[in-house]
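A.B. asks: Right, I'll just put the structure down here and ask away after.
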Amino acid sequence: MSTDIKHHLNDAILMAYAAGTLPEAFNLLVASHLSLCDTCRAQAETFDALGGEIMEQMDAATPLPAGSFEQTLALISGGPVETPHEARAACDVLPRPVRDYVGGDLSTIRWKPVGMGVKQAILPTSSDASARLLFIPAGTAMPDHGHGGTEMTMVLQGAFQDADDRFARGDVEIAGSDLHHTPVADAGADCICLAVADAPLQFNRLMPKIAQRFLRI
Amino acid sequence: MSKSALRASATQLLTEMSAEPNQTNAGSKAARMLWVNHVFRIRDHGDKQAFAELFEHFAPRVKGFLMRSGADASLAEECAQDVMAALWHKAHQFDPGRASVATWIFTIARNRKIDLLRRQRRPEPEELPWGPEQEPDQADVLTLQQETVALGAALADLPDAQRDLIQKAYFGDLTHSEIAAETGLPLGTIKSRIRLALDRLRHAMK
């Protein structure tokens, strides 16, 4: 676990994660951050506790039909449906939730070049938001862009600088519709990020608009 | 502390307080500890009587929560059965130093809701497994269970409009950008208890 995470998730996102109302792509980023950040994990589980109390205080006047208990016992005798997860190897760049979507580790990712050395891999999530892995060569800038909705970017390897802030492994940058930004990868190492967005990105110059068709963002 | 010792202390507490979970003190610490004890009885002995009592209390609440979240009655019933069956199979994973039984069942129900209602996968954080060597301390368990009772009481005491807004967030009536995360509830105490429980698991993993 990384202990020097400086940029965290906010309470609205963590509450929506606990409620189970975020788009799948956002859930993926939150689960990845919580895998590395116990501060946010404790907050998310606090919102789970709130959910438990809301459920506890539900009107109990919705009994199940007769026979439901016996049906549930029959379900139980059929055995559990879930398969146990493998234990995590300590040195993985990809947190387990990302690895589950990639289908393996870093070497398994099928990168597609998008220009200037930047590569991406789109992850299969529901269409209400998108998730992609980005590979940004050391010292390279991403195209300047803004957002119609919310974009969250989590660093998995290396670091990037955006305006006054530096984002390293585990850090999340949350950008709303008002922010135009130009992240630049640190010179020292190639940067790998998980980026999720619930609306298409809007680029400011003609070239990136064309690139957008290929980026599918 | 061993699992059997933890169970024994829960039983002792219940005897002292003469509590039954389905009576008027359903929100009390003793009731919470009784539910914890029920889960341990399922885990250790496959105790169907304990399961029946958990089912009677929680299955209707799971069903009600799912219907309020947009499921029709038959889907909510199917889902509530799945949730209770999962409780049986996952009983060994329940950590009473980190969650009340109500919290734990809520998380199972929430995940099932995403599966069934939204037909999406639910990415979960990497697990922090626990076993006999990381058994939560009895005092930590009692404190955490007490904190969830306090949280429930604070929720019930909120002005109706404020509680309604929080419920809407959990029933899926608000998007994340519409959620006002300032709840007016004392969440800090419970968060620090959970943080201690996470530290215990991290320490044991090393």
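A.B. asks: Anything over 22 Å Cα to Cα? Flag those among B:Lys90/B:Lys113; B:Lys29/B:Lys63; B:Lys48/B:Lys90; B:Lys90/B:Lys191; A:Lys6/A:Lys112, in the order listed.
C.D. replies: The answer is B:Lys29/B:Lys63; B:Lys90/B:Lys191; A:Lys6/A:Lys112.
A.B. asks: Shifting gears a bit: Find the accessible area per residue for the stretch B:3-205; the probe is 1.4 Å, ligands and nucleic acids are left out, and the unit is Å². Mind showing how you got there, number by number?
C.D. replies: Working: 8320 Å² over 203 residues.
Dividing the accessible area of the stretch B:3-205 by its residue count gives 41 Å².
A.B. asks: What is the average number of partner chain Cβ atoms found within 10 Å of a Cβ in B:40-52? Please list the in-between numbers first.
C.D. replies: On the way: counts 0, 0, 1, 0, 0, 0, 1, 0, 3, 0, 0, 4, 3.
Shielding by partners across B:40-52 averages 1.
A.B. asks: Something else about it: Over all residues in A:118-126, what is the mean tally of Cβ atoms on other chains that come within 10 Å of each residue's Cβ? Walk me through the numbers before you get to the answer.
C.D. replies: Values: counts 0, 0, 0, 0, 0, 0, 1, 3, 4.
Averaged over the peptide's residues, the number is 1.
A.B. asks: Need one value for B:67-73: mean number of C-beta atoms belonging to other chains within 10 Å of its residues' C-beta atoms.
C.D. replies: Taking the mean over all residues of the peptide, I get 2.
A.B. asks: Can you give the Rg to Rh ratio for the stretch B:3-205, taking only C-alpha atoms and Rh from Kirkwood?
C.D. replies: Values: Rg = 17.1 Å, Rh = 18.0 Å.
So for the stretch B:3-205, dividing Rg by the Kirkwood Rh gives 0.95.
A.B. asks: In square angstrom and rounded to 100, what buried accessible area do you get between chains B and A, total over both, with the probe at 1.4 Å?
C.D. replies: Values: alone 11780 and 12390 Å², together 17920 Å².
Buried area (both sides, nearest 100 Å²): 6200 Å².
A.B. asks: Over the stretch B:3-205, what is the relative contact order in whole percent, taking alpha-carbon pairs under 8 Å and six or more residues apart? Could you put the intermediate results ahead of the total?
C.D. replies: Values: 183 pairs, mean separation 43.4, N = 203.
Across the stretch B:3-205, relative contact order equals 21 percent.
A.B. asks: Using a 1.4 Å probe on the heavy atoms of the protein chains only, list every residue of the stretch B:152-177 that has 50 Å² or more less accessible area in the complete assembly than in its chain alone.
C.D. replies: SASA drop of 50 Å² or more in the stretch B:152-177: B:Leu155, B:Tyr170, B:His176.
A.B. asks: For the stretch B:93-206, I need the span (max minus min coordinate) of the C-alpha atoms along each principal axis, in Å, sorted largest to smallest.
C.D. replies: If we take the Cα atoms of the stretch B:93-206, the spans are 44, 35, 21 Å.
The values are calculated or read from the model by the stated rules, or taken from the named source; none is laboratory data. As the structure is a computational prediction, the values presented were derived from the model and not from experiment. So basically every Cβ, Gly included, is an ideal-geometry build from the backbone, and we count neighbours across all protein chains shown. To get the accessible areas, we keep the full protein, side chains included, count just its heavy atoms, and leave off ligands, DNA and RNA. Shrake-Rupley method; radii C 1.70, N 1.55, O 1.52, S 1.80 Å.
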